[in-house]
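Visitor: Below you will find the structure I want to go over with you.
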Amino acid sequence: MIIEGEYTFDAPQDLVWQALQDPDVLSSAMPGGEGFTAVGENEYEGNLNVKVGPVQGKFKGNIKLTDIVAPESYTMTVDGKGAPGFVKAVGSLKLTPDGERTHIAYHGDAQVGGRIASVGQRLLDTSAKSIIRQSLDGLNEYLKVQVAARAAATAAGASEEEAAAAAAQVEIPTYTPPSQTSVAMNVAKDVAGDLVPPKYRPLVIGGVVLLVLLILYLIFR
Amino acid sequence: MTTFHDPTKPKHVADRFENKHAAPVGSSAVVATTEEVRVTTPPEICGMGHRMKRKEDPRFIQGKGRYIDDIKLPGMLYMDIVRSPYAHAKILNIDTSAALAMPGVLAVITGKDLAAHGLHWMPTLMSDTQMVLPTEKVVYYAQEVACVIATSRYIAADAVEQVVVDYEPLDVVVDPYKALDDEVIIRDDKELKTNRIWHWEVGDQAATDAVFANAAHVVKQYMHIPRIHVASIETCGMVANYNPATGKMQLYMTTQAPHAIRTVFALVSGLPEHKIQVISPDIGGGFGGKVPVYPGYVVCAVASLLIGKPVKWIEDRSENLQADSFARDYHLEAELAADADGKIVGLRVNGLADHGCADAAANPSKFPAGLFSICTGSYDLQAAHVNFDAVYTNKPPGGVAYRCSFRVTEAVQMIERMADMMAHDLNIDPAEFRMKNFIKQDAFPYKSPTGWEYDSGNYHAALRKAMDMIGYEDLRREQAEKRARGELMGIGISSFTEVVGAGPSRDYDILGIKMFDSAEIRIHPTGKAIARFGTKSQGQGHETTYAQIIAEELGLPANDIEVEEGDTDTAPYGLGTYASRSTPTAGAAAAMAARKIKAKAKKIAAHLLEVNEDDLEWDVNKWQVKGSPEQAKTIQEIAFAAYTNHPQGMEAGLEATDYYDPPNLTFPFGSYICVVDVDSGTGEVKVRRFVAVDDCGNIINPLVVEGQIHGGLTMGLAPALFEEIVYDENGQCLTGTLADYLLPTAVESPKWETGHTITPSPHHPIGAKGVGESPTVGAPPAIANAVVDALWHLGVRHIDIPITPEKVWQALRDAGVTE
């Protein structure tokens, strides 16, 4: 499965780079992620709770960053396994500054196996994209808080270092990661969105509304 | 155990696969064809030809059938299976501690546990070997790795998630052509380090080459007959019940061949055969998928043996789709040659069989590619040569004869596609082309270039009837008009020849056991009867049709005959039900056993009537004195006398057993015509009409035959348009649910229009041939031919089945059609 895309964070490159290397930030921004810890230089371990269609379960994963060119690019190798199957992925990430914002492009090849792939096959692609999108959105929310903190500190006349320290003070709790349910709902929404082309969506929604009204009418008449 | 040998050893290739199957047989008379179903008994007797409603159906439609999962024994334990997420990987470690710590978990059985008893490998029905549970490595996705035994189904399923297996992934071979390179050896347990399993040839290569050298026209096409699954409603399962006090092992099992399974279990386990009872209760569809022994069965039985309690194992749907034996998966390069007059003269086929990780087909042992050599089909040609290789890949083992007599579906798909392609190339109407090339009625018994002796046939009559039923000429006119308007409509024909009823003992055996079958009839004193068979119905309606055969022979009402199958402690030995063999073998045995009873009944009647045996003649249900029919004894009166007033010196009772060894196979045939409309925008294929004319010889029950054909046609529609087991490049199965592996429902199925001709088998006691598989074999090429017929004028020559909208859409775009 090829995973690729682009995203623009509302934060300067140095903040984005920092965040993308911080296991705590990543595990809270990633839906279902928990307890990422460093186990070596640029190597982390943690758990990922995944739900794809009818299959759910916990993957125990190892993430390794290589070919690091700060603050521009790195290669990420993911090796995860658990009861629902396994995932092995290699991907590269590239950051380019875009004024006060940062543009990232990612490209990766993931091999997914086991029950999660055979039973959830049709939902896998969309689910993966949805989880990535939600992760990036989550990360962006976190980064916005960071930027705001830095701006506040700078406005107060503090030096760059103090500003950075102030930003670091903004603990992750100020950004609340989405709940499992909301993640699942978003995935479901994305999957459904993938199934119905945009031009038919009003028709489908209209049809569903009519059907619900009909059922309600039949029940309450 | 001496019958199990390593098929990779070349010496077996030579002596096992020698083509010597078709020896001369009985009658040589040309058989006349009729359309009238023969009925000789009154409705109250309901012998052959009556549209009797199936005796088994009242219990099925009331939900009173008894399937494996209905069997609940006191103290029963449950098994669930840990399966591999990799298609090829070394097993480094299996940690069962977390699972064993769960309350309610009794055992986790691994390959090492089985190895201690020498049970980690088992033979396949093709004399290959297959892992029960692995000790070194896994070779296909969803392979059984360990089994959990627990006090409830839920605990077992939860415990499966707690078994931690460390794998080291190995390179995977999915493409059978890559497997030929031997860069990755899948079965490194074998002596010869190669992925090649066997090589097989049939026909005369030199004669075929000569015919091709002189041919005016040659068409050539590669085609893949995709890997599919039987997907029966009931998945596989077992309840193993070992009683340590008596030493008896009861195995309730979803099997189509209970007797052969008992023998295999005895040989593999070392348990004495009389202490093993295999019971095959009601079966919710078999279609060949319940012939093999799967690892789950073996471990379930071992678990019961070790624990001393009953153990139940039931597959879930995904396990069934992903790990059970597959069907088909033949890659074929076919060439068909014709002379200047458009007469087919030669056929050349190069085949590659993708067998997955083991050759677990259930073919007769001398036929590694099954009966594929029937591939010259309904056509009279001068020479043919078939050249086949089989390889291992990282996929589940197979391939079973899915509702076809051992690879006949593949053969028919190939020859009917090739015939159509030749007709189109020569610009001859496909119907006219077939009429011109059919084996003529007076040529039967016909000796085919690949060595078969077709017992009977009348191909022209069947095709003519199908053309009349569908209005062929009008449809061609309609097609021409539509084509002028840019609409896509196609008409497809398939005129197939089946070969069923394996088989004569000189050539047909499975693991050395000859492929006869058996019937035992006992008439009770009050004129009622029980009949037992070595076969096993999975929905075919044996309880009705066997009773009708006996009713026809003895005049006992079919309703007075109890038919019983599937319990090896009571039924006579037989090889089971698959390959449309039940009527040709056990059905014949029923008639022969009934005739033995009839002969004894004659003696009793002569005694009762105080006349000479020679003065008696049979009339429907009684022996009567010639010229004086009022002096007669009915079969019921004779039965009573057999227990109360039998002649001195004669054994009491009225019963007989027959083990029937058929002199030849039977050759059912038919012509199917299909009309499709193709949506050029979406590539969707709609089957508008489908006419099926079948000739299965004498018809035992027209209602049952029609039911078989309706079901079979739907199962033929499925691979033509929907079904395929798909793997990604890592050997991951992508079709693990019925949302991904598409089965047709009533919505997709057209209205099936059926008809018949009757050309009785000259060598079968009741002239019947077997029909259950004809429609599955005949339907796919009719549909494929119809689709190609709709697109031929655009330059489309071939589309592999399943013909999905995506493939048609692509073919249309490649041909320059944009909307």
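Visitor: Step by step: first the residues of the range B:745-778, then only those that are closer than 30 Å to B:Val31 by Cα and open to solvent by 40 Å² or more (accessible area, probe 1.4 Å), then the one that is farthest from the other protein chains (Cβ to nearest Cβ). Which residue is that?
Guide: Looking at residues that are closer than 30 Å to B:Val31 by Cα and open to solvent by 40 Å² or more (accessible area, probe 1.4 Å), I get B:Pro762.
Visitor: Where in the range B:654-744 are there strands (runs of 3 or more DSSP E), lying fully within it, with 2 or more residues that are open to solvent by less than 30 Å² (accessible area, probe 1.4 Å) and among the β-branched types (Val, Ile, Thr)?
Guide: In the range B:654-744, B:669-678, B:685-695 are the strands (runs of 3 or more DSSP E) which contain 2 or more residues that are open to solvent by less than 30 Å² (accessible area, probe 1.4 Å) and among the β-branched types (Val, Ile, Thr).
Visitor: Answer yes if at least one residue in the range B:798-806 is in the same structural domain as B:Ile725 (by TED's automatic domain parsing), under 22 Å from B:Met469 (Cα atoms), open to solvent by less than 30 Å² (accessible area, probe 1.4 Å) and at pLDDT 95 or above, and no otherwise.
Guide: No - not one qualifying residue is present in the range B:798-806.
Visitor: Among the candidates B:Phe326, B:Phe388, B:Phe372, B:Phe287, which residue alone is surrounded by fewer than 23 Cβ atoms within 10 Å (Cβ to Cβ) and aromatic (Phe, Trp, Tyr)?
Guide: After applying the criteria, what remains is B:Phe388.
Visitor: Hey, does the range A:152-165 have a residue that's part of a helix (DSSP H, G or I), closer than 30 Å to A:Gln18 by Cβ and at pLDDT 80 or above?
Guide: Within the range A:152-165, one or more residues are part of a helix (DSSP H, G or I), closer than 30 Å to A:Gln18 by Cβ and at pLDDT 80 or above.
Visitor: Among the strands (runs of 3 or more DSSP E) lying completely within the range B:488-606, list those that include at least 2 residues that are farther than 25 Å from B:Glu706 by Cα.
Guide: Ranges flagged: B:488-497, B:517-523, B:529-533.
Visitor: Also, I was wondering about something else. Do you know which of the residues in the range B:329-350 that are within 25 Å of the chain's Cα centre (by Cα) and open to solvent by 10 Å² or more (accessible area, probe 1.4 Å) is nearest to B:Leu575 (Cα to Cα)?
Guide: B:His331
Visitor: Assuming B:Gly356 fulfils every condition listed in (1) under 13 Å from B:Gly237 (Cβ atoms); (2) open to solvent by less than 10 Å² (accessible area, probe 1.4 Å); (3) part of a loop (DSSP other than H, G, I, E, B) apart from one, which condition is it?
Guide: Unmet for B:Gly356, out of (1) under 13 Å from B:Gly237 (Cβ atoms); (2) open to solvent by less than 10 Å² (accessible area, probe 1.4 Å); (3) part of a loop (DSSP other than H, G, I, E, B): (1).
Visitor: Please go through the range B:68-105 and pick out each residue that is more than 30 Å from B:Gly731 (Cα to Cα) and open to solvent by less than 70 Å² (accessible area, probe 1.4 Å).
Guide: B:Ile68, B:Ile71, B:Leu73, B:Gly75, B:Met76, B:Leu77, B:Met102, B:Gly104, B:Val105
Visitor: So, in the range B:119-141, how many residues would count as being open to solvent by less than 20 Å² (accessible area, probe 1.4 Å) and aromatic (Phe, Trp, Tyr)?
Guide: Number of matching residues: 2.
Visitor: Scan the range B:423-452 and report the pairs whose first residue is hydroxyl-bearing (Ser, Thr, Tyr) and whose second residue is open to solvent by 20 Å² or more (accessible area, probe 1.4 Å), with Cβ atoms within less than 6 Å and a gap of 6+ or a chain change.
Guide: B:Thr450/B:Gly203
Condition check ((1) at pLDDT below 90; (2) in contact with a Pro (Cβ under 9 Å, 6 or more places away or on another chain); (3) away from chain B (no Cβ under 14 Å)) across all residues:
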residue: A:Trp17; (1), (2), (3): no, yes, yes
residue: A:Ala29; (1), (2), (3): yes, yes, yes
residue: A:Ala38; (1), (2), (3): yes, yes, yes
residue: A:Lys60; (1), (2), (3): yes, no, no
residue: A:Thr66; (1), (2), (3): no, no, yes
residue: A:Ala70; (1), (2), (3): yes, no, yes
residue: A:Tyr74; (1), (2), (3): no, no, yes
residue: A:Gly80; (1), (2), (3): yes, no, no
residue: A:Lys94; (1), (2), (3): no, no, yes
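Visitor: Right, here's the next one. Just one of (1) over 23 Å from B:Thr526 (Cβ atoms); (2) surrounded by fewer than 24 Cβ atoms within 10 Å (Cβ to Cβ) trips up B:Ala588, so point out which.
Guide: (2)
Visitor: Restricting the range B:706-736 to residues that are in contact with a helix residue (DSSP H, G or I) (Cβ under 6 Å, 6 or more places away or on another chain) and more than 19 Å from B:Glu806 (Cβ to Cβ), which is farthest from the other protein chains (Cβ to nearest Cβ)?
Guide: B:Ile709
Visitor: Given (1) at pLDDT 95 or above; (2) over 30 Å from B:Pro272 (Cβ atoms); (3) in contact with a Phe, Trp or Tyr (Cβ under 8 Å, 6 or more places away or on another chain), identify the lone condition not met by B:Phe17.
Guide: Going through (1) at pLDDT 95 or above; (2) over 30 Å from B:Pro272 (Cβ atoms); (3) in contact with a Phe, Trp or Tyr (Cβ under 8 Å, 6 or more places away or on another chain) one by one, B:Phe17 breaks only (1).
Visitor: Next question. Tell me, please, whether a residue that is free of Cβ contacts under 8 Å to residues at least 24 places away in the same chain, open to solvent by less than 30 Å² (accessible area, probe 1.4 Å) and farther than 30 Å from B:Val408 by Cα can be found in the range B:561-569.
Guide: No.
Visitor: Conditions first: (1) in contact with a helix residue (DSSP H, G or I) (Cβ under 8 Å, 6 or more places away or on another chain); (2) modelled with pLDDT of 95 or more; (3) surrounded by fewer than 21 Cβ atoms within 10 Å (Cβ to Cβ); (4) within 14 Å of another protein chain (Cβ to nearest Cβ). B:Ala159 passes all but one, so which condition is the exception?
Guide: The number of the failed condition is (3).
Visitor: Same structure, new question: Applying the selection to the range A:24-55, what residues are touching an Asp or Glu at 6+ places or on another chain (Cβ under 9 Å) and part of a helix (DSSP H, G or I)?
Guide: Those that are touching an Asp or Glu at 6+ places or on another chain (Cβ under 9 Å) and part of a helix (DSSP H, G or I): A:Ser27, A:Ser28, A:Ala29.
Visitor: Is it fair to say B:Ser505 is among the polar types (S, T, N, Q) and open to solvent by 10 Å² or more (accessible area, probe 1.4 Å)?
Guide: yes
Visitor: Could you please give the count of residues in the range B:528-541 that are open to solvent by less than 10 Å² (accessible area, probe 1.4 Å) and touching a Lys or Arg at 6+ places or on another chain (Cβ under 9 Å)?
Guide: Count: 4.
Visitor: Please verify whether the range A:99-111 includes one or more residues that are within 14 Å of chain B (Cβ to nearest Cβ) and within 20 Å of B:Glu161 (Cβ to Cβ).
Guide: no
Yes/no per residue for (1) closer than 30 Å to B:Met435 by Cβ; (2) of a type in the set (Asp, Glu); (3) in contact with a strand residue (DSSP E or B) (Cβ under 9 Å, 6 or more places away or on another chain); (4) within 14 Å of chain A (Cβ to nearest Cβ):
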position: B:Ala301; (1), (2), (3), (4): no, no, yes, no
position: B:Arg317; (1), (2), (3), (4): no, no, no, yes
position: B:Asp329; (1), (2), (3), (4): no, yes, yes, no
position: B:Glu335; (1), (2), (3), (4): yes, yes, yes, no
position: B:Asp341; (1), (2), (3), (4): yes, yes, no, no
position: B:Ile344; (1), (2), (3), (4): yes, no, yes, no
position: B:Cys357; (1), (2), (3), (4): no, no, yes, no
position: B:Ala361; (1), (2), (3), (4): no, no, yes, no
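Visitor: Working only within the range A:58-109, note down all residues that are open to solvent by less than 50 Å² (accessible area, probe 1.4 Å), among the small types (Gly, Ala, Ser) and closer than 19 Å to A:Leu139 by Cβ.
Guide: Passing the criteria: A:Gly61, A:Ser73, A:Ala89, A:Gly91, A:Ala105, A:Gly108.
The values are calculated or read from the model by the stated rules, or taken from the named source; none is laboratory data. Since this is a predicted model, take the numbers as computed values, not measurements. Here Cβ is always computed from backbone atoms with ideal geometry, including for glycine, and neighbour counts include all displayed protein chains. Remember, those area values only see protein heavy atoms, side chains included, never the ligands or the DNA or RNA. Shrake-Rupley method; radii C 1.70, N 1.55, O 1.52, S 1.80 Å.
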